[in-house]
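In what follows, a single structure is set out as structure tokens and then discussed.
Any read-out appearing in this document is the output of simple, stated calculations on the displayed coordinates, not a laboratory observation. In this text the structure is predicted, and so the values were computed from the model without any measurement. Every residue, glycine among them, receives a Cβ derived from its backbone with ideal geometry; neighbour counts consider all protein chains shown.
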Amino acid sequence: MAAPAQPRGPAAGLAWPARPDPVPAWNFAVRQLRFWLTDYRRTWRGSIISTVLNPLLYLGAMGLGLGTLVDQHGTASLGRVSYLIFLAPGLLAASAMGTGVGESTYPVFGSVKWNKTYQAAVSSPLRPADLFHGHLLFVALKLTMTSAVFLAVAAMFGAITSPLAIAALPVAVLTGLAFTAPIEAWTVTRTKDTSLAVVYRFGMIPLFLFSGTFFPVTQLPVWIRPIAYLTPLWHGVALCRDLCLGIATLPSALLHVGYLLVVLGAGIIAGDRSYTRRLYV
Amino acid sequence: MTTALIRARGLTKRFGGFTAVDGVDFELNRGEAFGFLGPNGAGKSSTMRMIGCVSPPTAGELTIFGLDPVADGPAIRARLGVVPQEDSLDVELTVRENLLVYGRYFGLPRPVIRERSDRLLEFVQLADRQDDRVEPLSGGLKRRLTIARSLINEPEILLLDEPTTGLDPQARHVVWDRLFRLKQQGVTLVLTTHYMDEAEQLCDRLVVMDAGRIAAEGSPRDLIERYSTPEVLELRFDPAVHENAAEKLAAVPAQRREVLADRVLLYVADGDAALAAVRGLGLDPLTSLVRRSTLEDVFLRLTGRRLED
């Protein structure tokens, strides 16, 4: 009588195989990334249009239109740059947040609740955490693409003045992911889509308006500023702006990046657990 | 040790205070078609999910291919095919894209997936719909696509949770026919069902589950021989005299008598002889039917309840 996991031959060709070499987790995550890329092939046309159109509209209306008025009143509090130049890096980080939040809500909810494709996927060799990581990889790719387009459009508007701005691209991606990971960890536990609207109403829109995107946080009352400093978006906005203006210092850059990495890391730990709890019942 | 493909000892699943699966034992050999028969809530799906390595057992022992489902989930699932109770197709994608996406989960190269998809779409008779989106397909077609998808990795065991629930009779027969062919090809089938005809058609061996426990185990014929009589006489009376008639029927020699709300069942060796005896008592049923025993009768005997309630 042999132990079950050892290779042996009760009948020709029917032996228990030895425990196979485990597949590395990144390989499983890439398999799920490829699913999202297949999925994206259906929608990329519409998505490209909004990727290009959004920065055009915002930079045109707010940067040029509103900016002309702002600039007439003096730009001391903006750091003596035009409003357009002040605004562009803020919008870069804020739109990365928008993409990050968008990707972490309805697409994830649909996969676990409407289509149940996540339930199908965990019947393959993939584990819940692999699905999560594969989606994060996809969001990272999408953020890279949308942020690069944004930077290119901003450069066309003359809103980019320093070559350091290229470093704002990975910072924008990190900002987006710092939203995606924790929100996705939460979304996958939801059973009703109505709770997703709360993220937009009470999370994203206030952050969008009060995290230094459109005006410096120093314009806010003193007591409310610490709240802004706690939000990942403020760190993303601040660092993108410093980089685009070419005034970033290493200590402050490390502080901002470190903060965003901590939020992302916490989100990944939470998501690994919540994905497993939801899909392995 | 045995060479059982799946082996469970005292397998238990609890959700909070609720015990869905209550210490079941079973073994499953290669090439078998094995069924879990029972009403909704009997613990069949929970058992299937544990075998499918997507639900860690609360207690007891479970091995699949001799491996541990918690530690070796990916390796086991690589060799399983799963047809879940609820459709989980990507309805935005086409029929063929669903196979492509799923094949990639198993790490299969594109040309292999393409070749297998050709064969599988032929097998489930969906070749002419391969480029259609999944969303508008009927329930029967979706179920056939789900079966094709579950075969993309050429699994050694195919797990089917209620494979024909919600399908019309014609679609059910198509599914049964395909499953029967797979069985002929040597694929080990494990299925849950609350349809006795499905269990009788497809299963070499089955366990009857009720309230998380296994009430009996055997081949369909075994179970019927062990727990029922060769024939059953079904009698229907005018509701006004139903109870009275049911009492009088105690005088008819029968192994067992079941009084249901609308019918009386007499379990006997010879149904025609029993019917003659009923008439001899001066009873006049509205309808009478002599039939062979089925798994439904086994279930009724074992649990006191009907299967499809």
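Scanning residues 5 or more positions from B:Thr188 or on other chains, those with amide H under 5 Å from its amide H are B:Gly31, B:Leu158, with H placed 1.01 Å from N in the peptide plane. Given +1 at the Cβ of Lys and Arg, -1 at the Cβ of Asp and Glu and no other charges, the dipole of the range A:105-235 around its Cα centre is 280 debye to the nearest 20.
The mean number of partner chain beta-carbon atoms within 10 angstrom of a residue's beta-carbon across peptide B:95-107 is 5. Taking the C-alpha atoms only, the angle from helix A:232-245 to the longest principal axis of chain A is near 60 degrees.
Taking the fewest neighbouring Cβ atoms within 10 Å as the starting point, the ordered list for A:Phe179, A:Phe150, B:Phe65, A:Phe215 is A:Phe215, B:Phe65, A:Phe150, A:Phe179.
In the range B:229-292, taking the dipole from charged Cβ atoms about the Cα centre, the farthest positive-side position among B:Leu266, B:Leu283, B:Leu235 is held by B:Leu266.
Expressed as a rounded percentage, what relative contact order does the range B:229-292 have, with Cα pairs under 8 Å and six or more residues apart? Could the numbers behind the result be given before it?
Numbers: 107 pairs, mean separation 32.7, N = 64.
Answer for the range B:229-292 is 51 percent.
Across the options A:Ile183, A:Thr194, A:Ala165, the greatest Cα extent toward the positive end of the charge dipole of the range A:161-281 (unit charges at beta carbon of Lys, Arg, Asp, Glu) belongs to A:Thr194.
A DSSP coil position with no more than 13 other Cβ atoms inside 10 Å describes the following trypsin sites (Lys or Arg not before Pro) in the range A:67-157: A:Arg80. Rounded, prolate or oblate: pick one for the range A:132-254, where a ≥ b ≥ c are the square roots of the eigenvalues of its C-alpha gyration tensor, a/c under 1.5 means rounded, and failing that, prolate if a/b is larger than b/c, else oblate. It is oblate, given that a/c is not under 1.5 and a/b is not larger than b/c. Along the range B:280-286 the Karplus relation, 6.51 cos²θ - 1.76 cosθ + 1.60 evaluated at θ = phi - 60°, assigns HN-Hα couplings of x, 7, x, 8, 10, x, 5 Hz to successive residues, with x for each Gly and Pro. Dipole orientation for the range B:21-96: of the candidates B:Leu89, B:Gly73, B:Met48, B:Leu89 has the Cα lying most toward the positive pole (charges on Cβ; Lys, Arg +1; Asp, Glu -1).
What is the mean number of Cβ atoms from other protein chains located within 10 Å of the Cβ atom of each residue in peptide B:88-94, rounded to a whole number? Numbers along the way, then the final one.
Working: counts 10, 4, 10, 3, 6, 7, 1.
Going residue by residue through B:88-94 and averaging, the value is 6.
So if I place +1 on the C-beta of Lys and Arg and -1 on the C-beta of Asp and Glu, and nothing else carries charge, what would the dipole magnitude of chain B be about its Cα centre? I want it in debye, nearest 20.
Values: 40 positive and 47 negative charges, 135 e Å.
Taking the Cα centre of chain B as origin, the dipole is about 640 debye.
Legend: residue pairs A:Lys113/B:Lys142; A:Lys116/B:Lys142; A:Lys113/B:Lys13, Cα-Cα distance threshold 21 Å; pairs beyond threshold, A:Lys113/B:Lys13. Helix A:250-279 axis versus longest C-alpha principal axis of chain A: approximately 40°, rounded to the nearest ten. If only the Cβ of Lys and Arg carry +1 and only the Cβ of Asp and Glu carry -1, the dipole of chain A around its Cα centre is close to 800 debye.
Could you check what % of the DSSP bridge pairs in the range B:6-221 are antiparallel, to the nearest 5? It would help to have the intermediate numbers written out before the result.
On the way: 20 of 38 bridges.
Beta bridges within the range B:6-221, antiparallel portion: roughly 55 percent.
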